[in-house]
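Peer 1: Questions regarding the structure given below will be posed in turn.
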Amino acid sequence: MLTRRIIPCLDCRDGRVVKGVRFANLRDMGAPVECAAAYQDQGADEIVVLDIAATPVGREHQAETVRAVREVLSIPLTVGGGIRTVENARALLDAGADKVAVNTAAVRDPALIDALAGEFGCQCTVLAVDAVRNGDGGWRVAVRSGAEHTPVDAVAWCREAVQRGAGEILLTSWDRDGTRDGYDLELLAAVASAVTVPVIASGGAASPAHLIEALKAGADAVLAASIFHESQYTVQEVKLYLAGNGIEVRR
Amino acid sequence: MTTYEVVLVRTGVANLASVAAGLRRAGAQVTIADDAASVDRADRLVLPGVGSFAAAMTQLRSRELVAPLAQRIRDGRPTVAICLGLQLLGTASEESPDALGLAAFPACATRFDDRVRVPQLGWNAVRPDAECTWLRPGYAYFANSYRLTACPPGWQAAWADHGGPFVAALERGSILACQFHPELSGQWGVSLLQRWLAATNAEVSPC
């Protein structure tokens, strides 16, 4: 049986891992290679590296980071942040990424998803969505690291992206990101039932109980940053807890 | 550590960086090639596979690699096929109904059931049949939408389950075909590649 994945996320800026609340008040958490290797040793199922600066200078750091992380990593590596073209994606895959995640550029030009899936396959094409609650029970898509709220309905966007060839959804609740209040379970359930591809829950995790809630709400994988970065829990401890609660994990 | 020379086939549709890094971690010295002579001569060959069945076969055909690869498999020379690479050894796939595979065995890859998440992305438990030489029980990382559901005659299989049992890997002599990605399957995958590298050290005579 396919196990549920635990995915530590490295938010990177200028080649360093950082953590903040709602992408602000960033603190330095260390070097990406050391963080990735430590999480792999703890039993992480996959690593996500997001370049949150996504500037031209940042892009050079991003490829360097991917190359260095790839050398030490024998588990899958997903890379995102600032990918606007097939060529941007190719450079990261050539550097050693296994999957690429697109967000803002895909909202601006949805055909980018078709192009990436056509070139590299749907198993390589991840749609990252930042969803923000809109007050009437739905969610809209936020872009540019939450700076801009679009009128696009988040659930409908996920459905469209899958039709276009996205093979996985990395679903971040912008309302919960960095708040430690737990994942947005309604959002997760809505997207997980709307699409046939795997859904990764992101945004708001502060405890192993939050991860269980997300997996029970329909997530196939859970992404978390602060609970691992601040060494509150190791990946191994989290997996033992999940297994003890009847959730299949790789051990 | 002994170094083992491995030729990695550039199929034009696969991302080679991850596979090359994985093979190096297992102790291989990797050369990338896409010509028939290299495929023919290589002591050990790795056929990666990402992208669609038809696109991969078109690339292999344009590089005139179809015949040398099929011959190599028939001769039982040391080869690892990864992910789509396993499916290419068969005759066909639902993914590309008009494309013919390398036809090393009669098998058609079919799409996973609609009741499970497709693509299958993640770690699944692998259970090898007792006759398997290279494969051991453990967790492997999969990234696929299509799979085989029966073991071709003359091969040994390992199995996993995603909406029903499917072929996780096949082996026959020095040939190992993995539906999963050994290069992304942690220490379990590294160990599998190491066993294959070490055991294929001696020259294998064609049958």
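The values are calculated or read from the model by the stated rules, or taken from the named source; none is laboratory data. These numbers come from a predicted model, not from an experiment. Quick reminder, even Gly has a Cβ in these numbers, built from the backbone with ideal geometry, and neighbours come from all protein chains shown.
Peer 1: For the stretch B:80-99, give me each residue that is within 14 Å of chain A (Cβ to nearest Cβ) and of a type outside the set (A, V, I, L, M, F, W, C).
Peer 2: The answer is B:85, B:87, B:93, B:95, B:96.
Peer 1: Scan (1) free of Cβ contacts under 8 Å to residues at least 12 places away in the same chain; (2) touching a Cys at 6+ places or on another chain (Cβ under 9 Å) for the single condition residue B:130 breaks and write down its number.
Peer 2: Here residue B:130 clears every test but (2).
Peer 1: Shifting gears a bit: Looking at (1) within 13 Å of chain B (Cβ to nearest Cβ); (2) surrounded by 19 or more Cβ atoms within 10 Å (Cβ to Cβ); (3) touching a helix residue (DSSP H, G or I) at 6+ places or on another chain (Cβ under 9 Å); (4) without any contact (Cβ under 8 Å) to a residue 40 or more places away in the chain, find the lone condition where residue A:196 falls short.
Peer 2: Tallying (1) within 13 Å of chain B (Cβ to nearest Cβ); (2) surrounded by 19 or more Cβ atoms within 10 Å (Cβ to Cβ); (3) touching a helix residue (DSSP H, G or I) at 6+ places or on another chain (Cβ under 9 Å); (4) without any contact (Cβ under 8 Å) to a residue 40 or more places away in the chain, residue A:196 fails exactly one: (2).
Peer 1: Pick out, from the stretch B:25-88, the helices (runs of 4 or more DSSP H) lying fully within it that include 3 or more residues that are under 20 Å from residue B:154 (Cβ atoms) and under 15 Å from the mean Cα position of the chain (by Cα).
Peer 2: In the stretch B:25-88, the matching helices (runs of 4 or more DSSP H) lie at B:66-74, B:84-88.
Peer 1: For the stretch B:36-62, which positions are over 19 Å from residue B:6 (Cα atoms) and charged (D, E, K, R)?
Peer 2: B:61
Peer 1: What is the residue count in the stretch B:123-142 for residues that are buried (at least 21 other Cβ atoms within 10 Å of the Cβ) and of a type in the set (Lys, Arg)?
Peer 2: Within the stretch B:123-142, residues that are buried (at least 21 other Cβ atoms within 10 Å of the Cβ) and of a type in the set (Lys, Arg) number 0.
Peer 1: If you scan the stretch A:67-108, which residues turn out to be in a loop (DSSP other than H, G, I, E, B), more than 8 Å from chain B (Cβ to nearest Cβ), among the β-branched types (Val, Ile, Thr) and surrounded by 24 or more Cβ atoms within 10 Å (Cβ to Cβ)?
Peer 2: A:83
Peer 1: Can you confirm whether the stretch A:18-26 contains a residue that is surrounded by fewer than 24 Cβ atoms within 10 Å (Cβ to Cβ) and either within 14 Å of chain B (Cβ to nearest Cβ) or over 19 Å from residue A:204 (Cβ atoms) (or both)? Give the steps one after another, and end with the answer.
Peer 2: In the first step, residues of the stretch A:18-26 are kept if they are surrounded by fewer than 24 Cβ atoms within 10 Å (Cβ to Cβ); the result is A:18-26.
Checking the rest, the ones that are also either within 14 Å of chain B (Cβ to nearest Cβ) or over 19 Å from residue A:204 (Cβ atoms) (or both) come to none.
The answer is no; no qualifying residue exists.
Peer 1: Criterion first (acidic (Asp, Glu), surrounded by 24 or more Cβ atoms within 10 Å (Cβ to Cβ) and either within 14 Å of chain A (Cβ to nearest Cβ) or free of Cβ contacts under 8 Å to residues at least 40 places away in the same chain (or both)) does residue B:183 satisfy it?
Peer 2: When the stated conditions are applied, residue B:183 passes them.
For every residue, the table says whether it meets (1) more than 14 Å from chain A (Cβ to nearest Cβ); (2) surrounded by fewer than 21 Cβ atoms within 10 Å (Cβ to Cβ).
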site	(1), (2)
B:6	yes, no
B:29	yes, yes
B:48	no, no
B:60	yes, no
B:78	yes, no
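Peer 1: What number of residues within the stretch B:114-132 are away from chain A (no Cβ under 11 Å) and either modelled with pLDDT under 95 or over 19 Å from residue B:148 (Cβ atoms) (or both)?
Peer 2: 1
Peer 1: Here's another thing I want to ask about it. Go through (1) assigned to a helix (DSSP H, G or I); (2) out of contact with any Asp or Glu (no Cβ under 9 Å at 6 or more places or on another chain) and name the single condition residue A:113 misses.
Peer 2: Every listed condition holds for residue A:113 apart from (2).
Peer 1: Follow-up. Is it the case that the stretch A:165-188 has a residue that's within 24 Å of residue A:116 (Cα to Cα), free of Cβ contacts under 8 Å to residues at least 60 places away in the same chain, over 16 Å from the mean Cα position of the chain (by Cα) and within 14 Å of chain B (Cβ to nearest Cβ)?
Peer 2: Yes, because at least one residue in the stretch A:165-188 is within 24 Å of residue A:116 (Cα to Cα), free of Cβ contacts under 8 Å to residues at least 60 places away in the same chain, over 16 Å from the mean Cα position of the chain (by Cα) and within 14 Å of chain B (Cβ to nearest Cβ).
Peer 1: Follow-up. In the stretch A:23-32, what residues are touching a Ser or Thr at 6+ places or on another chain (Cβ under 8 Å) and more than 22 Å from residue A:173 (Cβ to Cβ)?
Peer 2: Hit for the stretch A:23-32 is A:32, nothing else.
Peer 1: Residues that are out of contact with any strand residue (DSSP E or B) (no Cβ under 8 Å at 6 or more places or on another chain) and without any contact (Cβ under 8 Å) to a residue 60 or more places away in the chain: list the strands (runs of 3 or more DSSP E) wholly contained in the stretch A:1-50 that include at least 2 such residues.
Peer 2: Numbers: elements: A:5-13, A:16-21, A:24-30.
In the stretch A:1-50, A:24-30 are the strands (runs of 3 or more DSSP E) which contain 2 or more residues that are out of contact with any strand residue (DSSP E or B) (no Cβ under 8 Å at 6 or more places or on another chain) and without any contact (Cβ under 8 Å) to a residue 60 or more places away in the chain.
Matching residues to (1) β-branched (Val, Ile, Thr); (2) over 22 Å from residue A:86 (Cα atoms); (3) in contact with a Ser or Thr (Cβ under 6 Å, 6 or more places away or on another chain):
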position	(1), (2), (3)
A:124	no, no, no
A:132	yes, yes, no
A:136	no, yes, no
A:139	no, yes, no
A:166	no, no, yes
A:196	yes, yes, no
A:212	yes, yes, no
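Peer 1: May I ask you to say which residue of A:166, A:161 is buried (at least 19 other Cβ atoms within 10 Å of the Cβ) and either at pLDDT below 95 or assigned to a helix (DSSP H, G or I) (or both)?
Peer 2: Going through A:166, A:161 in turn, just one is buried (at least 19 other Cβ atoms within 10 Å of the Cβ) and either at pLDDT below 95 or assigned to a helix (DSSP H, G or I) (or both): A:161.
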